[in-house]
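**Q** My questions all concern the structure below.
The numbers here are math on the coordinates, done by the rules we state, and not lab data. Worth saying up front: this structure is predicted, and the values here are computed from it rather than measured. Note: ideal-geometry Cβ built from the backbone for every residue, glycine included; neighbour counts use all protein chains shown.
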There are 2 protein chains.
Amino acid sequence: MNRAYKKIDQEDIEFFQSVIPKSRLFIGEEIHEDYSKDELAGVHRYPDVVVEALCAEEISKLLKYCNEHDIPVIPRGQGTGLVGASVAIHGGLMISTIKMNRFIELDKENLTLTVEPGVLLMEISKYVEDEDLFYPPDPGEKSATIGGNISTNAGGMRAVKYGVTRDFVRGLEVVLMSGEIIQIGGKVVKNASGYSIKDLMVGSEGTLGFITKAILKLLPLPKVAVSLLVPFPTLEQAVETVPLIIKSKFIPTAIEYMERRVIKNAEDFLGKKFPDASSDAYLLLTFDGNALDEVERIYEKVADVCLEAGAIDVFISDTQERQESIWSARGAFLEAIKASTTAMDECDVVVPRNQVAKFVKYTKEVESLVDIRIASFGHAGDGNLHVYVLKDQYSDEVYTQKLKEAFDLLYKRAAELGGHVSGEHGIGYAKLPYLVAQQGPVYMNLLKGIKFAFDPKGLLNPGKVC
Amino acid sequence: MNRAYKKIDQEDIEFFQSVIPKSRLFIGEEIHEDYSKDELAGVHRYPDVVVEALCAEEISKLLKYCNEHDIPVIPRGQGTGLVGASVAIHGGLMISTIKMNRFIELDKENLTLTVEPGVLLMEISKYVEDEDLFYPPDPGEKSATIGGNISTNAGGMRAVKYGVTRDFVRGLEVVLMSGEIIQIGGKVVKNASGYSIKDLMVGSEGTLGFITKAILKLLPLPKVAVSLLVPFPTLEQAVETVPLIIKSKFIPTAIEYMERRVIKNAEDFLGKKFPDASSDAYLLLTFDGNALDEVERIYEKVADVCLEAGAIDVFISDTQERQESIWSARGAFLEAIKASTTAMDECDVVVPRNQVAKFVKYTKEVESLVDIRIASFGHAGDGNLHVYVLKDQYSDEVYTQKLKEAFDLLYKRAAELGGHVSGEHGIGYAKLPYLVAQQGPVYMNLLKGIKFAFDPKGLLNPGKVC
């Protein structure tokens, strides 16, 4: 949708000021640099105006006005995305949810939590765990907002056992670009009442509606969690073990893979040693449940599968301390890789679980083929890999060229293996060409048709997803 | 979309015959009466032509032709629906999937099963259980096709623990009304690659595309299952116990409620006694897991909750035989109620779990208010109730009037309690007025916009959902 958007003028600003007080409204040079980019910083542009909204009614007034005046609107949470989805690539009005951060209701009879979109993921975990309840989605970036998590259908480590954000959203309040406020779903457990607008909104990266409230599904908090750190002689052997684990029918909560050079980055970054240095490659598995004997039964079987598949050893971490030393390293991977280079971009592909080994092996081939450093880690248990192509010593020009070469090869291979462009970080602006290349015009026209049904003028987060 | 559809003529039939051999093509009087209705038989009309398709390519040719010639197309599985979704209310071409019933692939490394849409639910259970695997969705009607289950996002008893059909569909092959064949999702566990067309297709009741293949997610088969039959002095006490169970954080696999008069219908219908006759109301709970001690730990806690809430007793059924005698009665409820009256219609509302008691109580009020017999049973554990309004001795005219009165009251009350029109049976044709009444024009326009994106001429299963 390449159309002429209206440039925000004084009259527009006066309208915004009639809705939002000056303390929550920022124009031009008042806008903090953070609002011009997201975490990968590959896509840059300042919005013309930033407001911090407090409620759906404010957002409704702003959207209605912008819809009538052809002004782009960009929803924004913490800006922790990696694909430019929250960057104002056409300028316009950015609406931050950062001050819409109230916990509205914890309903213990229905096991639901109702929150505003600006509540942070780490706040949710803490809040519900204090009540012996559990919000399973566990993306690495704990300072992301729940609104952002819902918008990208964020996944995280525990997807192997529990599923992704979509599976834990029961209801939404959404402001449409027309300014209408709609309620979607609710506290109900089942729903077969028309097309699932809820599931469409989840993962739509702020392009179909502005999420102003979410009803989340909770589970009872598992009482026991155990991690296994399993060293393997080679990375190939480590990831080739994953389909064997799935096939064994003893399913862990999470299965991550990691290699020594990434662990080394994390050690340098954190200034702390990883608990083991015996090997070049590891699987890190977690298991949870309500009783230790039940969890033991499962992890012992999985440990056997790993040893039969060539694991060097199996280290059991059943103390809080040991687990934290491993998981803090795992949690620092993204930042550690970032700190190890001058710039980077990421490929968040997902492939069927039995194709992970092939894909990881291919990243090594691409590394030599394109002659660029590639670091990867990720969710081997659900086939979602984070592959980082690193700039290091290259000039901007050379890096841009090499990045394109590497990405073209990686996305092509993922598609051949039955995979998709993004497992959990979304399409945003940066990955759109790869989505188009993989899905083709018929499929993309469906996405455009859906976009048109929600936002006929194409003003809500324009240039993203389709 | 009230438009003039083209009436099928000789030329059209000749085209259909060029795609489908005579042995699988039925015209006018050759069409079996079954194809004029579904299981509730409230909506009647014969299609003009019925074909039994064998593959996506045949369906693609037929849809493309019908799209170009303004002929309505009605996808049809086993016709076990209850809302007229598979009835040709505008005539046209009905395409049955009954012969597309092949198991394509069981992938043990990815725990997926790929099937054609005409495979029956009971065939899937058997097929995967023989391999020690598990397809959890468990709707009452085991002779439904998986294509139909996906189209209504069928739920069933085990939704409390495992979720509904949507949660177990990973990928679909779909023929669009234009004749294009698209692949959606796949064997991947996560996906954040554009709007979730997969989740839109699930529950769209054959109005957005024709499902020709499905990739289902499987789980390891739980090794132990135990049922508890819990008599309560009153139905109110039984259903009021459900939110207490949820709140206890010991979550069963299924929680059903039933009352004596419905059990009596089932006893008469089956010619077999129910294992207990001590009470007017029961909760029936199941628990599953991989070890008896683990399952015991949970059901003992839940039994305590029930007894504290006033249960008369707790009968544990851990033998196959005892469980079958209870579940065969439960399985016969729909047919038994049907056999006890002259005609009936159903209200498949879903409400938050802590509102079930209020709603069930209200059905009793409606029963006296409207002076018509109402029988109900259902999934107390997920808030999805099946409420049957029975014709008995009333004339067609009086019944129609009373049914409308009762439905108006019931759907209004469900909405007030935060509920929705359908938990698992869908909207189809029969429940459309209630969806419109509850959701209002803004929401319904989104559904229409989505429909337009997939089927701009409104020819695929017209008159359903929106």
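**Q** What residues have an amide H closer than 5 Å to that of residue B:253, excluding those fewer than 5 places away on the same chain, when H is modeled at 1.01 Å from N in the peptide plane?
**A** Placed amide hydrogens put B:286, B:287, B:288 under 5 Å from residue B:253.
**Q** Another question about this same structure. Let me have the relative contact order for the stretch A:10-98, percent, based on Cα pairs under 8 Å that are six or more residues apart. If you can, show how the numbers build up before the last one.
**A** Details: 154 pairs, mean separation 31.7, N = 89.
Once normalised by length, the contact order is 36 percent.
**Q** Another one. Work out from phi, with θ = phi - 60° and the Karplus expression 6.51 cos²θ - 1.76 cosθ + 1.60, the ³J(HN,Hα) of each residue of the stretch B:21-35, listed in order in whole Hz, and give x for Gly and Pro.
**A** Values, residue by residue: x, 4, 5, 10, 9, 10, 10, x, 5, 6, 7, 5, 4, 3, 6 Hz.
**Q** Could you state the number of Å between the C-alpha centres of the stretch B:83-134 and the stretch A:401-466?
**A** Each part reduced to its Cα centre gives a spacing of 30 Å.
**Q** Given label points at 7 Å from Cα along Cα→Cβ, what nm distances, shortest first, separate residue A:402 from the same residue in every other copy?
**A** Distances to the matching label points in the other copies: 8.1 nm.
**Q** Would you kindly calculate the mean projected area, averaged across all directions, of the convex hull enclosing the Cα atoms of the protein assembly as shown, in square nanometres?
**A** About 38.1 nm², averaged over all directions.
**Q** Taking R0 as 22 Å, what's the FRET efficiency between residue A:368 and residue A:342 from their Cβ-Cβ distance, rounded to 0.05?
**A** Efficiency computed from Cβ-Cβ geometry: 0.60.
**Q** What residues qualify as long-range amide H neighbours of residue B:39, i.e. H under 5 Å apart, gap of 5 or more or another chain, H built at 1.01 Å from N?
**A** Residues meeting the criterion, in which the H sits 1.01 Å from N, are B:81.
**Q** At what distance in nm do the modelled label points of residue A:23 and residue B:105 sit from each other, each positioned 7 Å from its Cα along Cα→Cβ?
**A** Rounded to a tenth, the inter-label distance reads 6.0 nm.
**Q** Where along chain A is the Cβ that lies nearest the axis linking it to chain B, and how many Å separate them?
**A** A:199, 2
**Q** Next question, about the same structure. What's the exposure ranking of A:37, B:412, going from fewest to most Cβ atoms within 10 Å?
**A** Arranged by neighbour count, lowest to highest, A:37, B:412 become B:412, A:37.
**Q** Would you mind estimating how fast the stretch B:250-358 diffuses translationally, via Stokes-Einstein at 4 °C and 1.567 mPa s with the Kirkwood radius over Cα pairs, in µm²/s?
**A** Working: Rh = 15.6 Å.
Stokes-Einstein gives a translational diffusion coefficient of 83 µm²/s.
**Q** Next question. Compute the acute angle (0 to 90°) between the alpha-carbon long axis of helix B:396-416 and the principal axis of greatest extent of the alpha-carbon atoms of chain B; round to the nearest 10°.
**A** Tilt of helix B:396-416: around 70 degrees.
**Q** If you place +1 on the Cβ of every Lys and Arg, -1 on the Cβ of every Asp and Glu, and leave all else neutral, what size is the dipole of the protein assembly as shown about its Cα centre, to the nearest 20 Debye?
**A** Values: 104 positive and 134 negative charges, 255 e Å.
The dipole magnitude comes to about 1220 debye.
**Q** Taking amide H atoms as placed 1.01 Å from N in the peptide plane, list the residues 5 or more away in sequence, or in a different chain, whose amide H sits under 5 Å from that of residue B:376.
**A** B:388
**Q** At 37 °C and 0.692 mPa s, grab the translational diffusion coefficient of chain A from Stokes-Einstein with a Kirkwood Rh over Cα pairs, rounded to a whole number in µm² per second.
**A** Details: Rh = 23.1 Å.
For the chosen part, D equals 142 µm²/s.
**Q** In sequence order, what are the phi-derived ³J(HN,Hα) couplings for the stretch A:60-74 according to the Karplus relation 6.51 cos²θ - 1.76 cosθ + 1.60 with θ = phi - 60°, rounded to whole Hz, with x for glycine and proline?
**A** Those phi angles translate into 4, 4, 5, 5, 4, 5, 5, 5, 6, 10, 6, 9, x, 10, 10 Hz.
**Q** Working from Cα positions, state the angle (0 to 90°, nearest 10) between the long axis of helix B:10-19 and the longest principal axis of chain B.
**A** The helix B:10-19 is inclined about 70 degrees to chain B.
**Q** So for chain B, averaging the separation of alpha carbon pairs under 8 Å that are six or more residues apart and normalising by length, what relative contact order in percent results?
**A** Value for chain B: 16 percent.
**Q** Starting from the Cα of residue A:273, step 7 Å along the direction of its Cβ; do the same at residue B:234; then give the gap between the two resulting points in nm.
**A** 6.9 nm
**Q** Another question about this same structure. Once phi is turned into θ = phi - 60°, what whole-Hz ³J(HN,Hα) does the Karplus curve with 6.51, -1.76 and 1.60 give for every residue of the stretch B:107-114, x standing for Gly and Pro?
**A** Running phi through 6.51 cos²θ - 1.76 cosθ + 1.60 with θ = phi - 60° gives 9, 6, 6, 10, 6, 10, 10, 9 Hz.
**Q** Describe numerically, in nm with one decimal, the distance between label points set 7 Å from Cα along Cα→Cβ at residue B:393 and at residue B:264.
**A** The answer from the label model is 1.6 nm.
**Q** Can you tell me the orientation of helix B:292-308 relative to chain B, as the angle in degrees between its alpha-carbon axis and the longest Cα principal axis, to the nearest 10?
**A** For B:292-308 against chain B, the angle is about 70 degrees.
**Q** Moving on. Using only DSSP helix segments of four residues or longer, with each worth -39500 (n - 2.57), what per-residue ellipticity at 222 nm results for chain B after dividing by its residue count and rounding to 500?
**A** The per-residue figure over chain B is -11000 deg cm²/dmol.
**Q** Right, here's the next one. Structure shown: which of A:7/A:64; B:264/B:404; A:412/B:187; A:142/B:198; A:37/A:402; B:161/B:264 lie over 19 Å apart, alpha-carbon to alpha-carbon?
**A** B:264/B:404; A:142/B:198; A:37/A:402; B:161/B:264
**Q** With a cut-off of 8 Å between alpha carbons and a minimum separation of six or more residues, what is the relative contact order of the stretch B:103-220 in percent?
**A** Here the relative contact order equals 33 percent.
**Q** For the stretch A:10-98, what does the convex hull of the Cα positions come to per residue, in cubic angstrom?
**A** 86 Å³
**Q** What is the magnitude of the charge dipole of the stretch B:103-220 about its Cα centre, with +1 placed on the Cβ of each Lys and Arg, -1 on the Cβ of each Asp and Glu, and no other charges, expressed in debye to the nearest 20?
**A** 360 debye
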